[in-house]
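So that we are looking at the same thing, I have put the structure below in structure tokens.
The values are calculated or read from the model by the stated rules, or taken from the named source; none is laboratory data. Treat the numbers as computed from the prediction; the structure is a model and nothing was measured. Reconstructed Cβ throughout: ideal geometry from the backbone, glycine too, with neighbour counts over all protein chains shown. Surface areas here come from the heavy atoms of the whole protein model, side chains and all, with no ligands, DNA or RNA. Shrake-Rupley method; radii C 1.70, N 1.55, O 1.52, S 1.80 Å.
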Amino acid sequence: MNDFNTLFPNFLSQCAELNRALTPVAVVLFVVGLVSSTVTGQRSASAYLRAFARTAAYAAVLGSLLGWGNEIVAAVDSTVKTTLQADPGAVQAEYQKALTLQKGSGTDKSWWDLLDAQAIFEGGLSCILWFIGWLASVAVFYAYLAQKFILYIAYGFAPLFIGFLAVRTLHSIGVSYLLGFVGVLCWPLGWGAASILTKGLLDFMADQSFFALGAAPGAGGYALQNLLGVAVLGIWLLFSMIAAPIVIQKAISTGAQIGQALVGGALTAGTAGAVAGAGAAAAIGGRGGVMAAIGGIAGGAAAATVGAAEASSTGSSYSPLGNLLGSLASQRGASRRPSRPRKDDPTGDQAVRELLQKQT
């Protein structure tokens, strides 16, 4: 896939023009802050020296912001890809690697041995994990595009907010802006932290200890273990691809606990998905119950993921979009249930009037 600069070749240059246009505003704010510090502050040589040193530091930050940003991006990218080896799109390959470690090399097996029930089951899981990994890679690609967009816009408006640092009453706004800028730079660290649990789930799925119980109980336990692992892994990847960058940004800006936010949000997503799926299956029942459960789980997980992301970014527990998705997921089963006309209202006019009255 192409990167942001290839898709939008003139975007960075336009943001650089905006940065240069706002630089005089930063100079004016530096002068205002310097004058106010020397006039209203302590009139001593050391106080004047500190005021000039702060102004020089702010000017250095303004001039070196782009270079420092590139250095941070390179360091974060190296840490995530080399040290943590985080790649959400490679879950299928990681699963195969974990299976190989659990089973050994297996060089003495013939091609006929690959057609047993366990191998077919693991092959089906590999296909599911490949699809999940493909969705995760697409989500990461668009997240990187969003990151570049936010960073370039932040660079364009940087002179205004860095100038705020020099003014005492506006200093906190400038600090929040810089912390948010650094938080966006560190987005990939959220995916790196999430990959630690992803690898643990893949090792859990590849564990062969259930087969020590015997043929039938061991096979059933192994199947249940893998199905549970796939369900948790799918919800975890869906949640972490969206919420992990926001969690890491909030942690840098406010000092929030990264692990607590990730685990709490994932549990919320899983609980919402399970409740929505069970409700949809109970509403429909029969042959349509399985499909309703799958749709309800996906809708509930998406609702909780969006809600957790909005709560992380705004600090509020209320999420309009998350509530809307959750309502659609929970009502999916009810909408699929066939309705029968009432005997006292064969044309349905009375039902329509009652529905309109409820809405108003």
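Would you please name the residue that is farthest from Ala251 (Cα to Cα), looking only at residues in the stretch 162-178 that are within 27 Å of the chain's Cα centre (by Cα) and among the hydrophobic types (A, V, I, L, M, F, W, C)? Talk me through it step by step, then tell me what you get.
Here is the first cut: in the stretch 162-178, the ones within 27 Å of the chain's Cα centre (by Cα) are 173-178.
So of that shortlist, the ones also among the hydrophobic types (A, V, I, L, M, F, W, C) come out as 173, 175, 178.
Values: Ile173: 17, Val175: 15, Leu178: 14 Å.
Looking at residues that are within 27 Å of the chain's Cα centre (by Cα) and among the hydrophobic types (A, V, I, L, M, F, W, C), I get Ile173.
A further question follows. All but one of (1) touching a residue at least 60 places away in the same chain (Cβ under 8 Å); (2) surrounded by fewer than 17 Cβ atoms within 10 Å (Cβ to Cβ); (3) assigned to a helix (DSSP H, G or I); (4) polar (S, T, N, Q) hold for Asn19, so report the exception by its number.
(2)
Taking the stretch 111-141 as the region of interest, how many residues are buried (at least 17 other Cβ atoms within 10 Å of the Cβ), at pLDDT below 80 and over 20 Å from Gly229 (Cα atoms)?
Qualifying residue count, the stretch 111-141: 0.
Let me ask another. Please indicate, with yes or no, whether at least one residue in the stretch 174-189 is in contact with a Leu (Cβ under 8 Å, 6 or more places away or on another chain), farther than 18 Å from Cys15 by Cβ, in contact (Cβ under 8 Å) with a residue 12 or more places away in the chain and not in a helix (DSSP H, G or I).
no
While we're on this one: Taking Gln14 and the conditions (1) part of a helix (DSSP H, G or I); (2) modelled with pLDDT under 90, which numbered condition does it fall short on, given that it satisfies the others?
(2)
Out of Ala158, Ala154, Ala146, Ala206, I need the residue that is at pLDDT 85 or above and open to solvent by less than 10 Å² (accessible area, probe 1.4 Å). Which one?
The unique qualifying residue is Ala158.
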